[in-house]
Amino acid sequence: MAIEYLKKGLDEKQRVEDNDKVKKIVEETLSKIESEGDKHIRELSQKFDNYSPDSFRLNEDQINQLMSEVSDDDKEDIIFAQKQVRSFAEAQLKTLSELEVETHPGVILGHKNIPVQAVGCYVPAGKFPMVASAHMSVVTASVAGVPRIVATTPPFKGKPNPAVVTAMKMGGAHEIYVLGGCKELVLWLLVQKLLSLLICLLDLAMHLLLKQKDNCMAKLVSIYLLAQLKQWL
């Protein structure tokens with residue numbers, strides 16, 4: 001009896017062609033944003049998200065307005081979840097001991113836990129907002145003592161998700177931007193020149209960026225897929 005295949009994967013030739021197409025798109029996108037800056041980012045946001053505000057960064061009034069749209073029950077859930085994440089992160093931090101020892105008169109050796117100076121936390125939203133991603137990235141960075149926590153989330157139907165923004169703010173984000181896809185990463189890297197920024201990606205579906213990150217982004221940024229306290233130190 002012959003075997004009937006319901007679905008087959010791409011052969012090697014197709015896979016190479018697909019990778020080349022993705023690489024070309026990513027390289028062209030990075031190049032255009034580097035040369036045109038915020039102008040091209042705005043064009044991409046309008047094209048893919050139908051979103052083009054005066055500023056992609058939310059001000060305090062906008063954040064407060066979005067937080068007012070979240071029910072008290074949902075806020076209590078966010079507080080409870082972040083308390084668990086924060087408590088464990090604080091316990092982890094206590095295990096990462098610093099060391100200083102004088103091995104010989106005048107010779108002092110050791111190590112210190114110094115947080116990175118800036119971290120970008122991307123929180124997926126859209127049809128299925130990943131509120132917990134804010135807990136696992138923003139809160140852990142806050143516990144680690146990162147002095148600048150930049151959080152980004154994509155818009156859905158012309159506006160950011162109120163619960164996601166609330167979780168970001170309550171988690172300790174210092175700046176909140178509304179951008180999706182690879183656009184927010186390039187905004188951080190090329191427009192704001194945050195070349196030392198560590199980026200926390202919890203959206204594993206960011207196919208375009210992740211697939212070619214080694215080729216196109218390796219010289220610009222260190223990319224982490226999962227947020228853990230020790231990555232911010």
Report summary line: Residue hits (the stretch 139-184; under 16 Å from ILE41 (Cα atoms) and in a helix (DSSP H, G or I)) are LYS183, GLU184
Query raised in the report: Taking the condition closer than 24 Å to LEU58 by Cα, of a type outside the set (A, V, I, L, M, F, W, C) and outside any strand (DSSP E or B), does GLU76 pass?
Result: yes
Query raised in the report: List the pairs whose first member sits in the stretch 84-106 and is in contact (Cβ under 8 Å) with a residue 24 or more places away in the chain and closer than 18 Å to ALA167 by Cα, whose second member is surrounded by 10 or more Cβ atoms within 10 Å (Cβ to Cβ) and polar (S, T, N, Q), and whose Cβ atoms are under 6 Å apart, counting only residues at least 6 apart or on separate chains?
Result: ALA89/THR140
Query raised in the report: Can you name the residue in the stretch 149-178 that is under 9 Å from ALA125 (Cβ atoms) and polar (S, T, N, Q) and, of all such residues, is modelled with the lowest pLDDT?
Result: THR153
Requested in this report: Can you work out which of the residues in the stretch 106-130 that are of a type outside the set (D, E, K, R), part of a loop (DSSP other than H, G, I, E, B) and more than 21 Å from the chain's Cα centre (by Cα) is nearest to LYS169 (Cα to Cα)?
Outcome: ASN113
Requested in this report: Please work out which one of (1) within 22 Å of the chain's Cα centre (by Cα); (2) surrounded by fewer than 17 Cβ atoms within 10 Å (Cβ to Cβ); (3) at pLDDT below 80 is the condition VAL26 fails and give its number.
Outcome: (2)
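Here is a yes/no grid of residues against (1) surrounded by 10 or more Cβ atoms within 10 Å (Cβ to Cβ); (2) within 21 Å of MET136 (Cα to Cα):
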| residue | (1), (2) |
| --- | --- |
| HIS40 | yes, no |
| ASP49 | yes, no |
| ASN59 | yes, no |
| ILE63 | yes, yes |
| GLU100 | no, no |
| LYS112 | no, no |
Report task. Kindly indicate which of PHE56, PHE80, PHE48 is out of contact with any Cys (no Cβ under 6 Å at 6 or more places or on another chain), of a type in the set (Phe, Trp, Tyr) and within 20 Å of HIS135 (Cβ to Cβ). Result -> PHE80
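The values are calculated or read from the model by the stated rules, or taken from the named source; none is laboratory data. What you are looking at is a predicted structure, and each value in this text was computed from that prediction instead of being measured. Cβ sites come from the backbone with ideal geometry, for glycine too, and all protein chains shown count toward neighbours.
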